[in-house]
Each structure stands twice: as C-alpha cells, then as structure tokens.
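Bear in mind that the values in this text are calculations on the coordinates, not laboratory data. Quick caveat: nothing in here was measured; it's all calculated off a predicted structure. Positions of Cβ are backbone-derived with ideal geometry, glycine not excepted, and every protein chain shown enters the neighbour counts.
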C-alpha cells in the first residue's frame, strides 16, 4: 500500500483537476449547434405523393440553397421522358420547372448551375 505524501497528494489533486477540466472542455466543444432546419410538413406531404408516383430509379428530392432561400427539388428521372425537376420554396409554392423537352436550366430567370449550392439529398428511389 502506497502512502500519499503531501507532495503526492497535491500532484494527484492537480492531475484530477486537469483531467476534469480536459473532459469538461471536450464535452463543451463536442456539442455543436444543429443548424439544419427540418423539412417543412408541406414538403413532406409532397414527398409522400412523389414517392407513390415515382416511376424511375434515380427520382429524388434534394434541398438546395438558391437565391438566399432553401428550396426543394423534386427531380424526375429520365426513364420515361426527358428529365424534369420541379423546384418548390419552403412554403410549397412551385417557383419553377426545369429540364423537359425545352431543356430549361434557369429558375426565376437565374441559371441553376453555379447559383444553387449545398445540395442535400432527402430521398432517392
């Protein structure tokens, strides 16, 4: 059995304090602010309908940042027709349709390519 001398006692107390502070610091910095907003209920409702009618592998729903807003892109695959994508805002208002036989690549008169960022896939068939 080891007897703690006065010097050993202080060393062990300082070590325990340091370990506690280290673990506390790790705990504080391990917590992150989850800034992802949940998918609006009306988009979830549209997704339910989309899933029942999705015919092609590759049909998907993704969220994007576009013109300073979060938008939702329901992309229909190309197995039955030319690929089409319907773009909705967070209030489920259809703001544009891209693709199709006309090959539209703009939304609200703004090119999608280079202006839509931060794609996050929500669902894929």
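Overview of results
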read-out	value
Scan of region 36-61 for residues that are surrounded by 12 or more Cβ atoms within 10 Å (Cβ to Cβ) and part of a helix (DSSP H, G or I), ordered by number	42, 43, 44, 46, 47, 50, 51
So residue 92, is it at positive phi, surrounded by 12 or more Cβ atoms within 10 Å (Cβ to Cβ) and either part of a loop (DSSP other than H, G, I, E, B) or more than 22 Å from the chain's Cα centre (by Cα) (or both)	yes
